[in-house]
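Bear in mind that the values in this text are calculations on the coordinates, not laboratory data. None of the values given here were measured: they were computed from a predicted structure. Counting neighbours? That spans all protein chains shown, and the Cβs are built from the backbone with ideal geometry, glycine included.
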Amino acid sequence: MTNAFNEDTTLVTLVEFIAMALEENEIIIEWQTATEFNNAGFYIKRAIWKESDFSNVVRLTEIAPKGDFSVYTY
């Protein structure tokens, strides 16, 4: 039996990823995919840096996949 999944396959290939600070407590992130192979979507998480460790990791949202050559913004 052969495995249909190629271990060398990258599931999501990004064209670009940008994070911009808008105001003191606002950040917008935007990314574009070149390929999305069997992508289940993206999670946006936030963490607080405290004493050489990330703490209080919170999942903000889940973003559904759109397919190859898509632009996402949060």
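The figures follow:
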| read-out | value |
| --- | --- |
| Gain on full stretching of the segment that runs from ALA40 to ALA21 - 0.36 nm per residue minus C-alpha separation | 4.1 nm |
| Protection proxy ranking, peptides 18-30, 56-68, average beta carbon neighbours within 10 Å, highest first | 56-68, 18-30 |
